[in-house]
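The values are calculated or read from the model by the stated rules, or taken from the named source; none is laboratory data. Note that the structure is predicted; figures quoted are calculated from it, not measured. Cβ atoms come from the backbone with ideal geometry, glycine included; neighbour counts cover every protein chain shown.
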Amino acid sequence: MSEEFIISLAENGVWVILLIAGPLLLVALGLGLLVSIFQATTQIQEQTLAFIPKIVGVLVALVVFGPWMLSLLTDFAHDIFSNLYRFIG
């Protein structure tokens, strides 16, 4: 197993992690920003107000992006397991 192969495998793993976590993090970031702007304009300083929209938004994003995320993860796992003979030797 060469260094290039290991680096390529690690790069693919990091890329898959970023693609899987990215949509959920972007939804949480966007909703957090909107709630912060709403709180600043209305001067409502309720701490729990920020959590509910983020939780609901991330759950909706998980339902929407979930099949795509699962297929991406299973494709990566399939590639790992199908090339297992290259890791052993």
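Per-residue answers, yes or no, for (1) at pLDDT 90 or above; (2) on the phi > 0 side of the Ramachandran plot; (3) part of a helix (DSSP H, G or I):
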{"residue": "31", "(1), (2), (3)": "yes, no, yes"}
{"residue": "45", "(1), (2), (3)": "no, no, no"}
{"residue": "49", "(1), (2), (3)": "no, no, yes"}
{"residue": "52", "(1), (2), (3)": "yes, no, yes"}
{"residue": "58", "(1), (2), (3)": "yes, no, yes"}
{"residue": "63", "(1), (2), (3)": "yes, no, yes"}
{"residue": "70", "(1), (2), (3)": "yes, no, yes"}
{"residue": "77", "(1), (2), (3)": "yes, no, yes"}
{"residue": "86", "(1), (2), (3)": "no, no, yes"}
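Restricting attention to region 35-48, report how many residues are surrounded by 13 or more Cβ atoms within 10 Å (Cβ to Cβ) and either more than 23 Å from residue 23 (Cα to Cα) or touching a residue at least 12 places away in the same chain (Cβ under 8 Å) (or both).
Filtering region 35-48 down to residues surrounded by 13 or more Cβ atoms within 10 Å (Cβ to Cβ) leaves 35, 38-39.
Okay, now just the ones that are also either more than 23 Å from residue 23 (Cα to Cα) or touching a residue at least 12 places away in the same chain (Cβ under 8 Å) (or both), so 35, 39.
The qualifying residues number 2.
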**Prompt:** Quick one: residue 82 ticks every box in (1) surrounded by 10 or more Cβ atoms within 10 Å (Cβ to Cβ); (2) closer than 25 Å to residue 16 by Cα; (3) over 22 Å from the mean Cα position of the chain (by Cα) bar one, so which box is it?
**Reply:** (1)
